[in-house]
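Here's the structure we're looking at; comments come further down.
The values are calculated or read from the model by the stated rules, or taken from the named source; none is laboratory data. Here the structure is a predicted model, which is why all the values come from computation and not from measurement. Counting neighbours? That spans all protein chains shown, and the Cβs are built from the backbone with ideal geometry, glycine included. The accessibility values were calculated without ligands, DNA or RNA, using every heavy atom of the protein model including side chains. Shrake-Rupley method; radii C 1.70, N 1.55, O 1.52, S 1.80 Å.
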Amino acid sequence: MLTKRILNRPASSTSTEPVAHPTITQRVTAADAGLLLLRLTFGLLMAAHGSQKLFGFFGGDGLTATGEGFAALGYRPGKLFAVIGGLSELLGGLGLALGLLTPLAAAALIGVMINAMVTVTGAHGLWQTDGGVEYNVCIAVVALAVAAIGPGRLAVDRFFRWGSGGWKPAAFALGLGGVAAAITLSL
């Protein structure tokens with residue numbers, strides 16, 4: 001049995017005949033390339049930042065020193081929370097870079113940034129030069145924006161429902177990140 005599918009029909013055509021040679025035009029747009037550039041740069045930098053905490057890569061302190069720093073901030077046990085924070089940055093960053101499970105990756109980064117704002121930078125005002133929340137807000141907003149816009153066509157998520165972004169993936173990312181931060185801060 002031969003089945004014909006009409007993939008592309010001219011809009012002005014009044015004929016009911018299928019197009020003889022259907023075409024699929026899915027070129028990479030500047031928006032697709034821009035989202036890929038944003039995701040790769042932002043995601044890989046966040047993954048590297050998590051690697052600093054977990055493994056001491058890229059001049060980082062490593063898990064033991066990071067755990068001591070977390071304990072000094074009131075997280076007990078400090079090493080466990082350092083692992084959670086480091087993995088959230090590493091996996092959230094890699095997820096955004098690949099465009100894989102984008103709303104979940106965004107939620108991981110949003111949750112870590114909320115914790116950083118509450119425990120470290122919030123008391124210092126807005127500007128990074130004074131130790132303020134500027135940097136953390138930027139990271140959280142970029143992660144949320146990627147969840148809302150969607151990762152683009154050059155992403156693994158393009159095959160899934162959440163791959164096109166929208167209000168629901170953005171709400172999921174913000175809600176889960178906020179709930180995870182609240183739970184962490186309450187412990």
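Within the stretch 142-151, none of the residues are outside any helix (DSSP H, G or I), open to solvent by 80 Å² or more (accessible area, probe 1.4 Å) and closer than 24 Å to Val28 by Cα. Within the stretch 153-187, being β-branched (Val, Ile, Thr) and surrounded by 19 or more Cβ atoms within 10 Å (Cβ to Cβ) holds for one residue alone: Thr184. Taking the conditions (1) over 16 Å from Ala47 (Cα atoms); (2) touching a His at 6+ places or on another chain (Cβ under 7 Å); (3) in contact (Cβ under 8 Å) with a residue 12 or more places away in the chain; (4) not basic (Lys, Arg) in turn, Glu89 satisfies each one other than (1). When the stretch 100-128 is filtered for residues that are farther than 20 Å from Ala182 by Cα, touching a Gly at 6+ places or on another chain (Cβ under 7 Å) and not aliphatic (A, V, I, L, M), the ones remaining, listed by number, are Thr102, His124, Gly125.
Is one or more of the residues making up the stretch 123-130 in contact (Cβ under 8 Å) with a residue 40 or more places away in the chain and in a helix (DSSP H, G or I)? The answer is no; no qualifying residue exists. In the set Gly111, Gly85, Gly50, Gly93, only one residue is part of a helix (DSSP H, G or I), in contact with an Asp or Glu (Cβ under 8 Å, 6 or more places away or on another chain) and surrounded by 15 or more Cβ atoms within 10 Å (Cβ to Cβ); that residue is Gly50.
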